[in-house]
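Written out below as structure tokens is the structure these notes cover.
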Amino acid sequence: MNILFVCDWGQNRSVTAAKLFRDRYNTRSCGVRQNHPSVDDLNWADIIYVMEDHQRTELARRFPGLYLRKDIRVLNIGNIYGNKLIEELKKIDI
């Protein structure tokens with residue numbers, strides 16, 4: 001399964017999630033403000049996990065056609081770091 005993780009900057013939350021789950025899934029990470037998702041990233045992904053709802057909204061704005069065809073799930077994980085972030089990510093039921 002191919003999973004794309006998306007956060008704001010593509011430097012912490014999505015990268016950490018991609019690393020955490022890469023032993024079980026094919027993962028990529030990106031940010032909507034930096035390290036932007038591409039059409040190829042969205043086409044590649046079976047599931048897209050965004051950390052917050054505004055990232056889902058941004059994907060819908062940028063990629064309206066693809067957005068409607070993709071399984072996009074909101075994790076509701078704000079800007080947290082370190083062990084607390086890892087604890088929250090481990091709660092994800094993929």
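Please work out which residue is surrounded by the most Cβ atoms within 10 Å (Cβ to Cβ), limiting yourself to the stretch 34-54 and to residues that are part of a loop (DSSP other than H, G, I, E, B) and in contact with a strand residue (DSSP E or B) (Cβ under 9 Å, 6 or more places away or on another chain). Lay out the reasoning, then the answer.
Going residue by residue through the stretch 34-54, those that are part of a loop (DSSP other than H, G, I, E, B) are 34-38, 45-46, 51-52.
Next, only the ones that are in contact with a strand residue (DSSP E or B) (Cβ under 9 Å, 6 or more places away or on another chain) stay: 35-38, 45-46, 51-52.
Working: Asn35: 16, His36: 13, Pro37: 25, Ser38: 11, Ala45: 23, Asp46: 12, Met51: 27, Glu52: 19.
Result: Met51.
Would you please name the residue that is modelled with the lowest pLDDT, looking only at residues in the stretch 77-94 that are surrounded by fewer than 10 Cβ atoms within 10 Å (Cβ to Cβ) and outside any helix (DSSP H, G or I)?
So the residue we want is Asp93.
Among residues belonging to the stretch 1-33 that are among the charged types (D, E, K, R) and assigned to a helix (DSSP H, G or I), point out the one that is surrounded by the most Cβ atoms within 10 Å (Cβ to Cβ).
Going through the stretch 1-33, the residues among the charged types (D, E, K, R) turn out to be 8, 13, 19, 22-24, 28, 33.
Now restrict to residues that are assigned to a helix (DSSP H, G or I): 13, 19.
Numbers: Arg13: 29, Lys19: 14.
Taking the candidates together, the pick is Arg13.
Looking only at the stretch 38-62, which residues are more than 19 Å from Asn76 (Cα to Cα) and either acidic (Asp, Glu) or out of contact with any helix residue (DSSP H, G or I) (no Cβ under 6 Å at 6 or more places or on another chain) (or both)?
First pass over the stretch 38-62, keeping only residues more than 19 Å from Asn76 (Cα to Cα): 38-46, 61-62.
Across the stretch 38-62, the qualifying residues are Ser38, Val39, Asp40, Asp41, Asn43, Trp44, Ala45, Asp46, Arg61, Arg62.
What number of residues in the stretch 25-60 are of a type outside the set (Ser, Thr, Tyr) and either touching a residue at least 60 places away in the same chain (Cβ under 8 Å) or over 11 Å from Asn2 (Cβ atoms) (or both)? Walk me through it before giving the result.
Within the stretch 25-60, the first condition is being of a type outside the set (Ser, Thr, Tyr), and the residues that meet it are 26, 28, 30-37, 39-48, 50-56, 58-60.
Narrowing further to those that are either touching a residue at least 60 places away in the same chain (Cβ under 8 Å) or over 11 Å from Asn2 (Cβ atoms) (or both): 30-37, 39-40, 50-56, 58-60.
The total comes to 20.
Report whether or not Arg22 is farther than 16 Å from Ile3 by Cβ, more than 12 Å from the chain's Cα centre (by Cα) and not hydroxyl-bearing (Ser, Thr, Tyr).
On the way: farther than 16 Å from Ile3 by Cβ: no; more than 12 Å from the chain's Cα centre (by Cα): yes; not hydroxyl-bearing (Ser, Thr, Tyr): yes.
Spelling it out, it is not the case that Arg22 is farther than 16 Å from Ile3 by Cβ, more than 12 Å from the chain's Cα centre (by Cα) and not hydroxyl-bearing (Ser, Thr, Tyr).
Is there any pair with a first residue in the stretch 61-85 that is within 14 Å of Asn12 (Cβ to Cβ) and a second that is among the polar types (S, T, N, Q) and buried (at least 17 other Cβ atoms within 10 Å of the Cβ) whose Cβ atoms are under 6 Å apart and which are 6 or more apart or on different chains, and what are they?
Listed pairs, sorted by first residue: Leu85/Thr16.
The values are calculated or read from the model by the stated rules, or taken from the named source; none is laboratory data. The structure displayed is predicted, hence computed values, not measured ones. All Cβ positions, glycine included, derive from the backbone under ideal geometry; neighbour counts span all protein chains shown.
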